[in-house]
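I have placed the structure first, in the form of structure tokens, so that the comments after it can refer back to it.
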Amino acid sequence: MNYKIAVIKGDGIGPEIVDEATKVLDVIGEKYGHTFTYTNVLMGGCAIDATGVPLPDETVKICKESDSVLLGAVGGPKWDTLPGHLRPEKGLLGIRSALGLYANLRPAVLYAPLKDACMLKPETVKGGLDILIVRELTGGIYFGERGRRQGKNGEEAYDTECYSVPEIERIARVAFETARKRKKKLASVDKANVLESSRLWREVIHRMAKEYPDVECRDVLVDNAAMQLVRDPAQFDVIVTSNMFGDILSDEASMITGSIGMLPSASLGEGKLGLYEPTHGSAPDIAGQGKANPIATIISAGMMLRYAFDLQAEADAIDTAVLAVLEKGLRTPDIAGVGGQKTLTTTEMGDAIRAELRA
Ligand code: NAD
Ligand code: IPM
Ligand code: MN
């Protein structure tokens, strides 16, 4: 079977990590008899440099015509002073919105060999960690009305958080259905003690919980959730939350599983077309130095095989190869932990994973 993948390498470490992921897909293709054809498209800072805008129409068109989209990361200091509507990040928000990708699944799994890279005490994580953050991705404060105006004290700026009932219902549905297939425990994270949008969020969640009596559902205020993730992360199975809270909590969750370089994600909508991207950013501080961990992107490509193409054995093979490499003690600098062992470059880590796949 031939699968058409639109590839957005993006900025910073984006091209380095995406190349490792597509080379992994090629090995899967050889081994299982599939072909993956890639169309490189521009988004982010590189698109601004080439075309003047962060998300060219051509990119949206090609993504829509593809079977799936693989993304590295966008952004960097070069474009940080541009006005909001011309920033690289606006391209990312634009593609998520244009493709209707309202559900962002961010699994935070602690791989057993990485216990040393985890910042928490061994006894806190001894049973392992397997948390799924279900982040709302096309609403909330990211997409609310914003602007600048003259107030009584001069210039002021505002961003608004707004959620409609259908927007909450559809993300809640994803979360309840996913929880049902896991440990049946759902934590809905909000700030209902202050925000009206969170109070509506909570009402909808409670209403829907009645449809899922087999799922144990509870509310957690976001400040407490941030604390509980460090105090006792194993209490969580599925977390469902708004766009901004999900952004923040997923970076936090990544660190308790070892490194942000390990956390993949899938951005999904109603149809089959999804966007697969690491949780981390373009890491300008290490770009071009071969220091980036490609694993988050490689596992994101694995999620693509699983969710977009229903290639379960192939996706399992990627997860197994990553685990095998970690078990052998192979590490990029971000997961090296203490002890100063010799580390692999981005390409060497990709090579090691591909060697496992071929073995
Ligand atoms: P970042 O995630 O890029 O980097 C934070 C820290 O984590 C850095 O020290 C970086 O070196 C490290 N890191 C990140 N990914 C790594 C990897 N794969 N391997 C090893 N170390 C890794 O966050 P930031 O520095 O706040 O943002 C940099 C730029 O990326 C900004 O322009 C931001 O807007 C953008 N960004 C883009 C995305 C995306 O495209 N999906 C996501 C987050 C941030
Ligand atoms: C992420 C990123 C993006 C977000 C930015 C770059 C727009 O931080 O994917 O987590 O906040 O969604
Ligand atoms: Mn983020």
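Oblate is the label for segment 49-111, because a/c, from the alpha-carbon gyration tensor with a ≥ b ≥ c as root eigenvalues, is 1.5 or above and a/b does not exceed b/c.
In segment 119-256, how does Rg compare with the Kirkwood Rh, expressed as the Rg/Rh ratio over alpha carbon atoms?
1.03
Annotation: the antiparallel percentage among DSSP beta bridges lying fully within segment 119-256 is about 30.
Counting trypsin sites (Lys or Arg not before Pro) as exposed when in a DSSP loop with at most 12 other beta carbons within 10 Å, what is the longest stretch of the chain free of them? Display every interim value, and only then the final one.
Details: sites that count: Lys126, Lys152, Lys210, Lys272, Lys328, Lys342.
The segment 1-125 is the longest one with no such site.
Note on segment 1-139: Lys pairs 8 or more places apart or on different chains, Cα atoms under 16 Å apart, count 8. Charge dipole (Cα centre; +1 on Lys/Arg Cβ, -1 on Asp/Glu Cβ; no other charges) of segment 122-270 amounts to roughly 300 debye.
Taken over segment 98-186, the convex hull of the Cα atoms encloses 191 Å³ per residue.
Counting only Cβ charges, +1 for Lys and Arg and -1 for Asp and Glu, the dipole size of segment 289-359 around its Cα centre is about 280 debye.
Apply the a/c threshold of 1.5 to the C-alpha gyration tensor of segment 249-292 and tell me whether it is rounded, prolate or oblate. Oblate, since a/c reaches 1.5 and b/c is not below a/b.
Between Asp11, Asp49, Asp219, the residue with the greatest mean-square fluctuation in the GNM of the chain (Cα pairs under 10 Å linked by springs) is Asp49.
Seen from Ser282, the other residues with C-beta closer than 12 Å to its C-beta sum to a net charge of -4, counting Lys and Arg as +1 and Asp and Glu as -1.
Considering only Trp201, Leu305, Pro278, and ranking their Cα positions along the charge dipole of the chain that arises from unit charges at the beta-carbon of Lys, Arg, Asp and Glu, the one farthest toward the positive end is Trp201.
The loop-placed GluC sites (Glu not before Pro) in segment 160-220, going by DSSP, that have at most 16 neighbouring Cβ atoms within 10 Å of their Cβ come out as Glu211. Each of Glu136, Glu252, Glu20, Glu356 has some number of other Cβ atoms within 10 Å of its Cβ, and from fewest to most they run Glu252, Glu356, Glu20, Glu136.
Shape annotation for the chain: C-alpha extents along the principal axes are 61, 51, 42 Å, from largest to smallest.
Simple point charges give the picture: +1 on the Cβ of Lys and Arg, -1 on the Cβ of Asp and Glu, and for the chain a dipole about the Cα centre of about 440 debye. Temperature 4 °C, viscosity 1.567 mPa s: under these conditions the Stokes-Einstein estimate for segment 34-151, based on its Kirkwood radius over C-alpha pairs, is 75 µm² per second.
Nearest 5 percent is fine: what portion of the DSSP beta bridges confined to the chain is antiparallel? List each step's numbers first, then the result.
Details: 18 of 45 bridges.
Beta bridges within the chain, antiparallel portion: roughly 40 percent.
Tally Lys and Arg at +1 and Asp and Glu at -1 over the other residues with C-beta under 9 Å from the C-beta of Gly140: what net charge comes out? Before the final figure, lay out each step's value.
On the way: positive: none; negative: Glu136, Glu161, Glu167.
Neighbour charge sum, excluding Gly140 itself: -3.
Each other residue within a Cβ distance under 15 Å of Ala50 adds +1 if Lys or Arg and -1 if Asp or Glu, for a net charge of -2.
Here segment 222-320 is treated as a sphere whose radius is the Kirkwood value from Cα pairs; by Stokes-Einstein at 4 °C and 1.567 mPa s it diffuses with a coefficient of 87 µm²/s.
Every read-out reported here was derived from the displayed coordinates using simple, explicitly stated rules and does not represent laboratory data. Since the model is a prediction, treat every value here as computed from it, not as a measurement. No Cβ is skipped: glycine too gets one built from the backbone with ideal geometry, and neighbour counts run over all protein chains shown.
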